[in-house]
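Read the structure below first, then the notes.
The values are calculated or read from the model by the stated rules, or taken from the named source; none is laboratory data. Since the model is a prediction, treat every value here as computed from it, not as a measurement. No Cβ is skipped: glycine too gets one built from the backbone with ideal geometry, and neighbour counts run over all protein chains shown.
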Amino acid sequence: MGRKLKKFSFWVRRKSHLPVLLIGTLIIVVLVFNEETSVKLNMEYQNRINDLQRQIKLNEDSTEYYHQRRVAIENGEEDLEQVAREQFHMQRPSEDVYLIKE
């Protein structure tokens with residue numbers, strides 16, 4: 001009986017890495033194929049987050065531009081006249097304005 005126990009003990013020591021490999025494989029399979037925690041889904045979420053952060057950056061730049069433009073219009077008469085001429089097609093009584101439509 002002692003000899004069989006020694007052989008079994010030797011076999012267990014040699015094969016002790018198998019449960020670790022099986023558990024590791026199971027964890028990897030769950031991470032890849034589970035619907036809620038899949039790697040693909042996480043990558044899609046990260047791409048969406050990056051796109052939204054890019055849009056936020058662009059909007060912050062636009063906001064800063066329009067804020068500076070508003071301050072310039074409030075403080076300067078030349079900027080106010082330029083906006084009135086460009087956006088509202090206003091003119092002085094002594095000049096002719098031609099609009100070119102593209």
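Residues in region 1-37 that are in a helix (DSSP H, G or I) and either among the hydroxyl-bearing types (Ser, Thr, Tyr) or in contact (Cβ under 8 Å) with a residue 40 or more places away in the chain (or both): 2 in all. The residue pairs whose first member lies in region 58-75 and is free of Cβ contacts under 8 Å to residues at least 40 places away in the same chain, whose second member is surrounded by 10 or more Cβ atoms within 10 Å (Cβ to Cβ), and whose beta carbons are closer than 7 Å, counting only pairs six or more residues apart or on different chains, are 72/79; 73/79; 73/80; 73/83.
Is it the case that region 62-69 has a residue that's part of a helix (DSSP H, G or I) and over 30 Å from residue 87 (Cα atoms)? No, every residue in region 62-69 fails to be part of a helix (DSSP H, G or I) and over 30 Å from residue 87 (Cα atoms).
Inside region 45-76, residues that are surrounded by 11 or more Cβ atoms within 10 Å (Cβ to Cβ) and charged (D, E, K, R) make up a count of 2. On the given criteria, is residue 85 in a helix (DSSP H, G or I), within 30 Å of the chain's Cα centre (by Cα) and surrounded by 11 or more Cβ atoms within 10 Å (Cβ to Cβ)? So residue 85 does not fit the description; no.
Pairs linking a residue in region 80-91 that is within 17 Å of residue 66 (Cα to Cα) to a residue that is assigned to a helix (DSSP H, G or I), with Cβ atoms under 7 Å and 6 or more positions apart or on different chains, are 80/73; 83/73. When the test is whether a residue is in a helix (DSSP H, G or I) and modelled with pLDDT under 85, residue 40 passes it.
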